[in-house]
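Read the structure below first, then the notes.
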Amino acid sequence: MRGKQIAISSFVFCSLVLLLSLSHVSRADSGEKAKKKTIKAEAEITLILGSQKGGKTFPKALREWQKQLTAPPFSLFKSFRVLKQIKRPLSDRKSLSLVLVGPYLMDLGLLEGVDVKGKPMRYRFNLKLFSKKGSKKKKLLHSGRMLLDKGGTFFVAGPRHEDGTLILGITLK
């Protein structure tokens with residue numbers, strides 16, 4: 001009888017030691033997460049109206065991206081016009097919500113910075129484009145995760161707007 005009590009007592013003691021050691025490990029992991037370095041970037045969003053109607057010249061503000069905007073799938077547009085340029089700080093701690101043009105809204109969330117030796121920093125981000133008319137609920141039009149080199153620009157052809165198509169140019173610096 002005494003042997004069984006000792007065996008049960010040692011089992012209980014070992015179980016408590018194991019639980020305490022596991023709780024210590026989980027606290028150490030949560031401490032590491034709290035110490036994680038915040039990723040920051042400067043987001044530049046350029047709203048462009050791509051039209052099938054002919055235009056005079058390529059806008060000065062878009063000259064650095066002329067090669068990208070005249071290649072497929074954007075080559076179907078004959079003219080471009082800059083509607084708005086937005087510059088905002090971006091962090092992995094909080095997503096950026098913006099009112100674009102018309103009924104369109106955008107959420108941009110920085111997920112992580114990918115640092116590979118010998119290459120520029122790359123940013124992984126989440127993009128959501130919404131439409132909201134009046135007091136109706138937001139309607140999700142596009143959602144996706146992208147990977148972009150620091151200083152690089154990513155273009156997304158969006159919904160119809162005015163007499164053309166809304167194009168988003170996203171640069172992270």
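Give region 126-145 a look and list any residue that's of a type outside the set (Gly, Ala, Ser), in contact (Cβ under 8 Å) with a residue 12 or more places away in the chain and part of a strand (DSSP E or B), or say none. Hits for region 126-145 are Asn126, Leu127, Lys128, Leu129, Phe130, Leu140, Leu141, His142, Arg145. Of the residues Leu76, Leu62, the single one that is assigned by TED's automatic domain parsing to the domain that holds Val101, at pLDDT 85 or above, surrounded by 10 or more Cβ atoms within 10 Å (Cβ to Cβ) and more than 23 Å from Asp149 (Cβ to Cβ) is Leu76. Scanning region 146-168 for residues that are assigned to a strand (DSSP E or B) and over 19 Å from Lys40 (Cα atoms) returns Phe155, Val156, Ala157, Gly158, Pro159, Arg160, His161, Gly164, Thr165, Leu166, Ile167, Leu168.
The single condition from (1) out of contact with any Leu (no Cβ under 6 Å at 6 or more places or on another chain); (2) among the aromatic types (Phe, Trp, Tyr); (3) at pLDDT 90 or above that Tyr123 fails is (1). Residues in region 85-122 that are under 10 Å from the mean Cα position of the chain (by Cα) and without any contact (Cβ under 8 Å) to a residue 60 or more places away in the chain: Ser91, Asp92, Ser95, Leu96, Asp107, Gly109, Leu111. Entry remark, region 132-149: residues being touching a Leu at 6+ places or on another chain (Cβ under 8 Å), closer than 17 Å to Leu168 by Cα and surrounded by 12 or more Cβ atoms within 10 Å (Cβ to Cβ) number 4 in total.
The values are calculated or read from the model by the stated rules, or taken from the named source; none is laboratory data. If you're wondering where the values come from, they're calculated on a predicted model, not measured in any experiment. For neighbour counting, all protein chains shown are included, and Cβ atoms are generated from backbone atoms with ideal geometry for every residue, glycine included.
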